[in-house]
Amino acid sequence: TEPDSGKPFSSRHLVECLREGARRFGWDGRDPRPRSRREGPLLLGTGVAAAMYPVMAWPSAAAARALPDGTFLVRVNATDIGTGARTVLAQVGADALGVPLERVRIEIGSTELPSASLAGGSSGTASWGWPVHEACDRLARRLAGHAGPLPEQGLEAHADTRGTADAESAWSRHAFGAHFAEVTVDTVTGEVRVARLLGVYAAGHILNARTARSQFVGGMTMGLGMALTEGSTMDVAFGDFPESDLASYHVPVHADVAEIEAHWIDEDDPHLNPMGSKGIGEIGIVGTAAAVSPSCPASAT
């Protein structure tokens with residue numbers, strides 16, 4: 001059960017993530033003694049951390065229309081900030097309709113479309129995919145009972161998840177992960193470099209392997225910046241932050257990012273949404289810094 005609420009976890013595969021990550025990382029082959037691994041002036045250390053992030057979904061609406069030419073139009077005011085929302089929502093619609101992906105067209109990003117929640121809190125796909133799935137499922141059932149050709153304007157179905165997506169759950173719903181890091185510390189300059197990051201996640205049903213891996217790797221890169229490069233200082237005279245641009249606020253660049261691996265355990269969790277998915281945007285961030293930080297004193301102590 002979850003300590004804060006006392007609710008049972010809807011699914012909790014943290015142990016499996018740790019074991020699979022340890023196997024892939026070669027954790028059992030490390031020497032845990034401080035300063036036991038050296039490559040010239042570099043000391044090498046390893047670290048591991050667990051991660052968890054709550055499952056969030058907000059009410060949204062969607063419409064799905066079957067057109068006479070055999071294609072389908074799915075409309076929802078979702079926002080694609082580069083994470084692949086268009087692609088995944090089209091997949092969700094195609095799966096619910098039982099048609100090939102190329103027959104589904106998505107319209108997003110306009111206030112003229114059915115209202116939807118913002119892109120944040122790792123809630124996008126869960127919030128928008130829910131009404132998309134429901135609207136397409138209703139449309140499929142409506143088409144099954146329709147005889148003859150479609151009217152010129154087509155047939156349409158709507159869905160709104162108010163009262164369901166935001167309903168109180170009897171379950172504590174979280175994504176879990178395990179992060180492993182290999183870090184070098186230069187004994188001459190004190191410079192820290194992360195040579196290798198590996199993450200294994202349990203985040204419900206993964207809807208698209210390519211976009212999911214991209215988000216996990218992107219999150220781990222953000223966690224790397226959280227651990228090593230990012231930070232703000234307060235100007236005591238003016239009460240503002242001097243780091244006002246990317247020249248002074250340092251985020252990881254290509255030279256800072258070495259080998260990153262992202263893997264997952266496909267969960268079957270019936271207490272989420274029609275897709276069985278959990279948010280994956282931020283679970284890659286939250287454990288990375290915690291895995292990197294203990295690696296450094298393990299190397300340098």
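So is Ser10 out of contact with any Pro (no Cβ under 7 Å at 6 or more places or on another chain), polar (S, T, N, Q) and closer than 30 Å to Asp137 by Cα or not? Considered against the rule, which asks whether it is out of contact with any Pro (no Cβ under 7 Å at 6 or more places or on another chain), polar (S, T, N, Q) and closer than 30 Å to Asp137 by Cα, Ser10 comes out as yes.
Listed here are the residues, each with its yes/no results for (1) farther than 13 Å from Ala291 by Cβ; (2) at pLDDT below 95.
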residue: His158; (1), (2): yes, no
residue: Arg162; (1), (2): yes, no
residue: Ser172; (1), (2): yes, no
residue: Gly177; (1), (2): no, no
residue: Ala181; (1), (2): no, no
residue: Gly190; (1), (2): yes, yes
residue: Gly199; (1), (2): no, no
residue: Ala203; (1), (2): yes, no
residue: Leu207; (1), (2): yes, no
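Among residues of the stretch 247-264 that are part of a loop (DSSP other than H, G, I, E, B), those with a Cβ under 6 angstrom from a residue that is of a type in the set (A, V, I, L, M, F, W, C), sequence gap 6+ or separate chain, pair up as Pro252/Leu224; Ala258/Ala195. Please verify whether the stretch 197-212 includes one or more residues that are closer than 24 Å to Val92 by Cα, outside the structural domain of Pro34 (by the TED database) and charged (D, E, K, R). No; the residues of the stretch 197-212 include none that is closer than 24 Å to Val92 by Cα, outside the structural domain of Pro34 (by the TED database) and charged (D, E, K, R).
State whether one or more residues within the stretch 105-128 are among the aromatic types (Phe, Trp, Tyr) and farther than 17 Å from Ala212 by Cβ. No, the conditions are met nowhere in the stretch 105-128.
Residues checked against (1) out of contact with any Cys (no Cβ under 6 Å at 6 or more places or on another chain); (2) open to solvent by 40 Å² or more (accessible area, probe 1.4 Å); (3) of a type in the set (A, V, I, L, M):
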site	(1), (2), (3)
Leu224	yes, no, yes
His254	yes, yes, no
Glu267	yes, no, no
Lys278	yes, no, no
Val292	yes, no, yes
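Within the stretch 185-206, the set of residues being in contact with an Asp or Glu (Cβ under 8 Å, 6 or more places away or on another chain), open to solvent by 10 Å² or more (accessible area, probe 1.4 Å) and not in a strand (DSSP E or B) comprises His205, Ile206. Going through Gly26, Gly70 one at a time, which residue ends up being without any contact (Cβ under 8 Å) to a residue 24 or more places away in the chain and more than 21 Å from the chain's Cα centre (by Cα)? Going through Gly26, Gly70 in turn, just one is without any contact (Cβ under 8 Å) to a residue 24 or more places away in the chain and more than 21 Å from the chain's Cα centre (by Cα): Gly26. Apart from one condition, Ala212 fits all of (1) open to solvent by less than 10 Å² (accessible area, probe 1.4 Å); (2) assigned to a loop (DSSP other than H, G, I, E, B); the exception is (2). Scanning the stretch 61-91 for residues that are among the small types (Gly, Ala, Ser) and either part of a helix (DSSP H, G or I) or open to solvent by less than 20 Å² (accessible area, probe 1.4 Å) (or both) yields Ala61, Ala62, Ala63, Ala64, Ala66, Ala78, Gly84, Ala85, Ala90. For the residues Ala49, Ala94, Ala116, the requirement of being within 30 Å of Thr187 (Cα to Cα), buried (at least 16 other Cβ atoms within 10 Å of the Cβ) and within 22 Å of the chain's Cα centre (by Cα) singles out Ala49.
Looking across the stretch 1-34, the residues that are under 25 Å from Thr184 (Cβ atoms) and in a loop (DSSP other than H, G, I, E, B) come down to Gly26, Arg30, Asp31, Pro32, Arg33, Pro34. Put simply, of Ala49, Ala66 the only residue that is modelled with pLDDT of 95 or more and closer than 29 Å to Gly121 by Cβ is Ala49. For the stretch 124-164, the candidate set comprises residues that are of a type in the set (Val, Ile, Thr) and part of a helix (DSSP H, G or I); within that set, the residue that is nearest to the chain's Cα centre (by Cα) is Thr125. Which residues, taken from the stretch 105-119, are of a type outside the set (Val, Ile, Thr) and either at positive phi or in contact with a strand residue (DSSP E or B) (Cβ under 8 Å, 6 or more places away or on another chain) (or both)? Selection gives Arg105, Glu107, Gly109, Leu113, Pro114, Ser115, Ala116.
The values are calculated or read from the model by the stated rules, or taken from the named source; none is laboratory data. Nothing here was measured: the structure is a model prediction, and the numbers come from that model. Reconstructed Cβ throughout: ideal geometry from the backbone, glycine too, with neighbour counts over all protein chains shown. The accessibility values were calculated without ligands, DNA or RNA, using every heavy atom of the protein model including side chains. Shrake-Rupley method; radii C 1.70, N 1.55, O 1.52, S 1.80 Å.
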